[in-house]
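What follows is a set of notes on a single structure, which appears directly below.
Nothing in this text is a laboratory measurement; each read-out follows from the coordinates by a stated rule. As the structure is a prediction and not an experimental result, all values here were calculated from the model. Counting neighbours? That spans all protein chains shown, and the Cβs are built from the backbone with ideal geometry, glycine included.
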Amino acid sequence: MFSRSIRLLFIILVAAVPVLAGDDVPAWLQQVAGVPNPTYQKDVPGVVLLKDQHVTVSSDGRVTTITTYALRVLLREGREYAVAREAYESDAGKVKEMHAWLIRPSGPAKRYSKDAVLDLIEDPNDIYNESRFKMIDGSKDADTGATFGYQTTTEERSIFSQDIWSFQSRLPALVSRYTLTLPQGWHASSVTFNHPNIEPSVSGSTYTWELRDLPPIAPEPSSPRVSSLAPRLAVSYFPPGDTKPLPLQTFANWIEVSHWLTGLHDPQAVPDEALTVKARQLTVDAKTELEKIRAIGRYVQSVRYISIDIGVSRGGGMRPHSAAQVFAKSYGDCKDKANLMRSMLKAINITAYPVAIFSGDPTYVREEWASPNQFNHCIIAIRVNDESQAATVINHPKLGRLLIFDPTDDDTPTGDLPEHEQGSFALIIAGDDGSLVRMPVTPPEANGFTRQIEASLTEDGSLTASIQEDAVGKSAVSSRSEFRHASPAEYLNLIEGWITSGATAAKVSKVEPRDNSNDGRFDLKVEFTAPSYGQLMQNRLLVFKPALVSRREILFLTEAKRAHPIVLHSRAFSEIAHVKLPAGFEVDELPDAVKLETAFGLYKTSYEVKNGALIFTRSLAQRAMTIPADQYDEVRKFYERIRAAEQAPVVLVKK
Amino acid sequence: MMFPPSFSLPRAVLLCLTIALFSSIALAGDDWKPIDPADLASKTPVVEKDADAEALFWEVRVDDGEADELIFTNYVRVKVFTERGKESQSKIDLPYRGSYRIKDIAARTVKADGTIVELKKDDVFERTLLKMNGVKVKAKSFAMPAVEPGAIVEYRWREIRGGRSANYVQLQFQRDIPVRNLTYLVRPYSGPYANGMSYRPFHMPNGLKFEKVKDGFYRAQLSNVAAFHEEPRMPPEDEVRSWILLYYTRDQKIAPDKYWSDLGKGIYENSKDEMKVNDDVRKKAAEIVGDASTADEKLKRIYEFCHVQIKNYVRDESLTPDEKAKFKANKSPADTLKRGIGTGGNIDSLFAALSTAAGFEAHLAISGNRQNIFLDRDFTNPYFLDSSFIAVKVNDKWQFLSPAEYYTPYGMLRWLEEGQNALIISKEPEWVMTPMSSADRSVQKSVGKFRLLEDGTLEGEVRIEYTGQLAMDKKYYNDDDSPQQREDTLRAMIKERMSTAELTNVKIENVTDPAKPFTYDYHIRVSGYAQRTGKRLFLQPAFFEHGVAPLFSGSDRRQAVYFHYPWREEEEVTIALPEGYALDSPDAPAPFSIGATGQYKPSIGITKDGKDLIFKRSFFFCGGDAIIFPLNSYGQLKLVFDRINKEDNHTITLKQNTASASN
C-alpha cells in the first residue's frame, strides 16, 4: 500500500549520497588498475579485475571475511556494477569495515567517506527480515575507463560450517580467488560446479581456490540461469573429529541434512484443535484421498504469502512458524504454508513431509554437496495411495508414493508443479528416511491447450469469430495467473489487446473465462467481430490470414549467434479453425501444409476447403529439453518457419 | 478557497483543547466505531462494481494546531470482496523518517461471521529500511490477521511530523481503492503570526467546502469516490485525480491580476541584476550579432552562442560529480561570459542580457510544467510555477527561448513548457501563452530503399531523421547510453516489430548535438517480410509501420487522452520487386483527413519500368494544438487510429508471371 512512498524515500536519500574526495588509494587497487583491458565483444560493460574473498574461521566459531574487489568500467552501462555491497544478518553479524575508491582514467582518484555507506534492508517487501546489506554506490562517478574498488570486513557467528562462492557474475573476471583459513587441526573439502574440479592450494590450514581469465556470460533468451553457468565453489569445513567445541552444523550426507531440518520442522507441525476442525470441515465432502488433499491444498494456497524471518543465521530462515499460529493469522511464507498443509493433512491422517527446493533454477541444486544452503524454498510431499493418480507423483524408495505440491504458488493446482521446480533436485525432509530426489517433469500434453475457432468471412472482408480455448498444466497456469491477478477491466483489456494485435479494430463482444483449478484446467471463450479483416483487392481478390490470433507464447530467438544452451519447456497446443467463406468467392490459392519434425518439437499445419469453409489446423508439441548451443541454428530455424507459416495468407477470388 | 478567519486563542485555552483532543484519542485506543451488520454481510461493492476491496470510510484528521508539529490521525475501514482484495489489503507499511513518528497503531479484522481478530502489539514490526550518514528511513509494518473475502479490516495510526506545518500539504481524495466516505478534518494553525489557511481543490465536485465542526477543525467530505486508475497517455496525474492543496497565505482576497502583478514585480526587483548588461556583455553582443540584418537572425546568433559556447555545468564532462555538486552559480551575465560555464539559469540570464544589449526587450518568464499539471492563473499561488525561460520581444510579439535546455532548437521550448501560461517578469508583468510548436517542427522522416527477394526477404538501407520535440525525446533517452547501448536499443525496437530483422552498418548520429536532427542509418535484412504462396507474394509497403500494434486496443477508457505535442511522420519506401513478378489487382490504402487535427495520406506508385514500387506516407496529428481528447471522444479517436493501423497494414499482391513460373 505504501510501497511507492518507500521507494520515493529511498530515491531521495540515495540520490543525496555524500562523497568526499581523497587520494589514499591502496597499493593493491593501484596495481590492478594498471592491468590493460583484455579484448572482449563490444557489448561487455565491464571487467572484474580482482574478486577475492578471504574467510577466516576462529576456533570459537566466529567467521571473519575480507572481500577485496576491483572492477573496470568498459561501457557506460558498466557503471551500474561500480557498487560495493556486503550482506549481513543483523542478529549475528556486522560489516565492520567498508572502504571504496575510484581511479578515473584521468583526474584525481577518490576515496569514499564513511558518510557514503548506506545500510539497507535486503527485502523491503518482507514484514520483517534480519537480512541487510551495506553498500557504497560508485555508479554515478564511475565512467568508462574508471576502476572502482572496495574492501570490506565482516564478522558473523553462524551455525553453518559451509560456504558457497561464485567465481563470477555475468561480467568477465581476470582473477577470482577464495581463501579459507581454519583453526589448526580443522580440515576443509570442496566441490566445484559448472567447471572442472578446482583443487585448492593448501598452506598449513589455509586453502585457496583460484580461477583466472573467466569469459563473460552474456544474457540470452531461453538460456540456463547464470547460477548454472558461472563457476561455483561449495566448501564444507570440519573441526577435528575428536572435538565438539562449537554449535556448528556439519553435514556429511543428505540424511544428516534431512535429520537436522526435520528437527526444525517437526515440532512446528502440531495441529491444534482449531486447525483440526478446519481440516475436517474442508474435507467433509471429499470422497477420495486426492480430493481431500486438493481441498486442503486450495485452502493453504489461499493463505497469504507474508514473510517474517527472525534468527536467520541460527537456522530461523529454515524453521517454520507453528502451524497453529499460521492458521490463526492466515499468513505465512513458503515453509509456513508447507508446514500448515502438513499439519492439516496430519489432522485427517494423511502423512506429508516438507521438501526443501531451489526456486528459480531447476539445475541449481547438486547432489554432490549435502547442504541446506542449496535451497531457498519449501514445498510439500504427500504420501498417497495407489488410487491417487497425478503427473507429480514420484516413487520414493523408503516413503512410497509421494505427491509433490507447492502450496505457495496459488496458480498451480494440486497434481501439478511450477515449471521452474520441475526436474530439479529437492530434499524430502523425513529424518533418517529423507533423501535428495529428482522432482517430476510433466509431459507436453499435460501443459498444452486446444483451440477451436468458428468464424465467418463476408464479401467485404469482415470477420465474425468465436474462439474456445481449453488449457491444462502450464498453459492453464499462465491463463489463470492473468485472470486472477488482473482486475476484470484489466483482463478485458488484455484479451482485447491479444485479439486486436491480429485483427485491427476488432470489437470483442464476449469474454468468458472459466477457471477450473480442481482439475488443472482453464477455459476461455471469446467472441469478436473485425471489420475488413480480409483485404479486398480491386473487388476481385480477397486475402486473409487463417491464423486469426497469435499463440501468446512465442519463443523469440532472433540473434544470429548463440553462446549458451537453449532451455525449452514442455508445451503443446493444437488449433482447428473453421472459416466460412463468402458465397461469391472461391479459393484461388492456399498456403502449403507444413510439417516440421525435430528432436525437440513437432509442428504441423494443414488447409482444407470443405462445404464452403476453410478448415485450418496447426499444432505444436515441444519437449522439455536443454539443447547445446551448437544446435542453435536448427532451433532458431524451427521457430522462424513456424512464424512464417502462421503469417501465410489464403487468397480467394471472385467467382 | 479560504478557511473562515481563524481566531487566535490564548495559549492556555489552546493547551486545554489540545489535551482534550489527545485524551479523547488515548481513550479511543480500544474503541472502534460500530460496524453496520449490513456492511459485514454485503457481498458486492457499492462504488465500483468490480472493485476487489472498498473503503467503507477513510478518515484523516490533519491537526496543525501546534506550531512545531503536524499530526495526521488516520482511521481506515475496508471491506474485502475478493482474493485480489485480500492480497492488496493484507500488508500495511507506514514509512517515516527524520523527526516524523508513527504512533498508536491499532488494527483488527472482523470476519463476515462477526469473529474479531485483533492485531497484537508483537505483530507490529519496526524496520529500519535505510541508514545513511545519520539519517534513518524507518517503517512500521504489519500484516492484517485472518483476512479473507467478506471480512472487514480496519486500522488506525497517528503520524506526527515534527517541525512541519500543513502548508502545501496535499490531501488525496482519490485512493487506490474506491471509498464510500472520505473525510478530511483539518485544524489550521492559529497561533502567533498565523497566516490564514486556504485550500485549492483539484477535480473535486463543485461546491465542496471545508465546513467548520468543533475544536477548531474544519471538515470536507466526499461520498462514493471511485478509485484512481492510471492509463497510458493520460493527462498528468495531478490534472485528473481528485485532491486538495492546503496552504497558508496572507493574500486571500487579492484579485488574480493584482496578485500576479505584485509577484512579478517582486521577482523582477530581485532578479534584474542577474540579467545586468555591462560593457563586456555589450561588446560580446555586438561581436555575436556581427552583420546579422534581421531581428530573427540576430537573436538566433545570440541563442546559438549561449546554447553551444556556454557550457551548462551539468553537461560538462571535465567536471567530476563532486565538482558539479560544489559548483557555484555565477552572480552576473558578465561572470558567465568570462567563465564560459554556468547553471541553466546563468545561461538563460546571459541570453537575456545579450539580447538586451543587442536592442531587444528581454525578460525572465516563469510558467508551469505540463508534465505535472496545467497552470491555472486563477490560482493565486506560486506553487506550480516551476519552469523558467526567457521572453524576447520580436516585432511586437513575444518569443520564448531557453538556450539552457541543451537539446532545444532555436524557436522552440521543451514540450512541457509549450502551450502554457507564462508570466513575463518585468516592471509591468504580463501573462502570455507560450505557443505550441506545429507538427511541422517535430518530424520523423523515414526513407527506405529495399529490394524484395523471391523468398519474401526484404533487404536494404534505411535512414530516419527526427527533428523538434521528437529529436529532443530521442536525445534525452539516448544521450547517457554508450554507442553500443544505443545500437542495442535500436535493434530491440526493430525486433519488437520484425523478429527476423538483422541490422548491420548501424550509424546513430547527432545524439548529443544540440541542433542537428537525431538520425538512424542502417542496413536491414528481414527474412519472411513478404509472405509467399505458390504463385504470389504478399507485401506490406508501409515498412516503417510493419508490426506496429494499434495505438489503442481497449474498448473502455477512464481518462482523457493526452499527447504531449503535435508531430508529423513522412515516409518514403522504394522496393525493387523480384524479377518475374508483377502487381496483381493492385490498389492503394485510402487517405483521410481528421479535420484540422490531422491527416493521413498514403500513396503507392510504380516506376515506369515496373521494377520499383514506391510507397509514400504522410501523417500529422494534434494540429490546431489539439493535444487533449476528452473521454467522450475516445471512441472516435480509437476509430481514427484503428483506421490508420488498418491502412498501414495494407498489403499488395505480386504475382509470378507465367514465363517465370515455368522456369
Rounded if a/c is under 1.5, else prolate if a/b beats b/c, else oblate: with a ≥ b ≥ c from the C-alpha gyration tensor eigenvalues square-rooted, which is segment B:308-382?
-> oblate
Cα gyration tensor category, rounded, prolate or oblate, for segment A:509-608 with a/c compared to 1.5 = oblate
What order do you get for A:Lys114, B:Lys474 when you list them from fewest to most C-beta neighbours inside 10 Å?
-> A:Lys114, B:Lys474
Starting with the fewest neighbours, write out A:Arg480, A:Arg111 ranked by other beta-carbon atoms found within 10 Å of each beta-carbon.
-> A:Arg111, A:Arg480
Of B:Met197, A:Ser574, B:Leu416, which is farthest along the charge dipole of the protein assembly as shown in the positive direction, counting Lys and Arg as +1 and Asp and Glu as -1 at C-beta?
-> B:Met197
At what distance in angstrom do the alpha carbon centres of segment B:263-288 and segment A:144-161 lie from each other?
-> 54 Å
How about segment B:558-663: which chymotrypsin sites (Phe, Trp or Tyr not before Pro) there lie in a loop by DSSP and see at most 16 other Cβ atoms within 10 Å?
-> B:Phe563
Would you mind calculating the relative contact order of chain A from Cα pairs under 8 angstrom and at least 6 residues apart, reporting the percent as a whole number?
-> 9 percent
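Hydropathy first: keep DSSP H helices in chain B averaging at least 0.0 on Kyte-Doolittle, then drop any whose Cα extent along the axis falls short of 27 Å, and list what survives.
TM-like helix candidates: nothing returned.
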Just grab the label-to-label distance for B:Val135 and A:Asn197, each label 7 Å out from Cα along the Cβ direction, in nm (one decimal).
-> 5.3 nm
Kindly state, to the nearest 0.05, the FRET efficiency for A:Ser487 paired with B:Asp335, given R0 = 60 Å and r defined as their beta-carbon distance.
-> 0.55
Projected onto their principal axes, the Cα atoms of segment B:549-600 stretch, largest extent first, over whole-Å spans of 53, 24, 18
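Would you mind classifying segment B:71-209 by shape? Square roots of the alpha carbon gyration tensor eigenvalues, ordered a ≥ b ≥ c; an a/c under 1.5 is rounded, otherwise it is prolate if a/b is larger than b/c and oblate if not.
oblate
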In segment B:164-245, which GluC sites (Glu not before Pro) are in a loop and have at most 12 other Cβ atoms within 10 Å, using DSSP for the loop call?
-> B:Glu230
Just rank B:Met493, B:Met275, A:Met318, B:Met204, fewest to most, by other beta-carbon atoms within 10 angstrom.
-> B:Met493, B:Met204, A:Met318, B:Met275
Provide Rg over Rh for segment B:305-464; use the alpha carbon set for both Rg and the Kirkwood Rh (inverse mean inverse pair distance).
-> 1.13
Quick P(r) readout (chain B; Cα-Cα; 20 Å bins; whole %) gives 14, 36, 35, 13, 1, 0
Averaged over B:540-553, number of beta-carbon atoms from partner chains that fall within 10 Å | 2
Treating only Lys and Arg (+1) and Asp and Glu (-1) as charged, each at its beta carbon, one finds that segment B:448-517 has a dipole about its Cα centre, in Debye to the nearest 20, of 180 debye
Quick one: of the DSSP bridges fully inside segment A:292-428, what percent are antiparallel, nearest 5?
-> 90 percent
The relative contact order of segment A:454-508, taking Cα pairs under 8 Å that sit 6 or more residues apart, comes to a percentage of 17 percent
From the Cα centre of segment A:582-620 to that of segment B:514-555, the distance in Å is 26 Å
When all Cα-Cα pair distances of segment A:20-110 are considered, the percent exceeding 18 Å is 55 percent
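So what's the protein assembly as shown giving for Cα Rg divided by 2.2 N^0.38 Å, two decimals?
Expressed relative to 2.2 N^0.38 Å, the Cα Rg reads 1.03.
So for chain B: antiparallel DSSP bridges make up what percent, rounded to the nearest 5? Working shown, then result.
Values: 146 of 166 bridges.
In chain B, DSSP labels about 90 percent of beta bridges as antiparallel.
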Determine the equivalent ellipsoid of chain A by diagonalising the alpha-carbon gyration tensor, then write out the semi-axes as square roots of 5 times the eigenvalues, largest first, rounded to whole Å.
-> 50, 35, 23
Just how large is the dipole of segment A:375-502 about the Cα centre, in debye to the nearest 20, putting +1 at every Lys and Arg Cβ and -1 at every Asp and Glu Cβ?
-> 560 debye
Identify the chymotrypsin sites (Phe, Trp or Tyr not before Pro) of segment A:262-349 meeting these criteria: DSSP loop state and at most 10 other C-beta atoms within 10 Å of the C-beta.
-> none
If one takes the longest principal axis of the Cα atoms in chain A, at what angle in degrees, from 0 to 90 and to the nearest 10, does the Cα axis of helix A:488-502 lie?
-> 60 degrees
Cα centroid separation - segment B:304-368 against segment A:254-292, whole Å | 72 Å
DSSP beta bridges in chain A [antiparallel fraction, %, rounded to 5] = 90 percent
Within 10 Å of each Cβ of A:325-337, how many other protein chain Cβ atoms are there on average?
-> 3
Cα lying deepest toward the dipole's positive end in the protein assembly as shown, options B:Pro602, A:Trp186, B:Trp431, charges on Cβ | B:Trp431
State, as an integer percentage, the relative contact order of segment A:548-655 based on alpha-carbon contacts under 8 Å between residues 6 or more apart.
-> 37 percent
Compactness of segment B:260-365 as Cα Rg over 2.2 N^0.38 Å, two decimals | 1.11
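Ignoring everything except DSSP H segments at least 4 long, calculate the 222 nm mean residue ellipticity for chain B; use -39,500 (n - 2.57) per segment, divide by total residues, nearest 500.
Here the helix-only value at 222 nm equals -6500 deg cm²/dmol.
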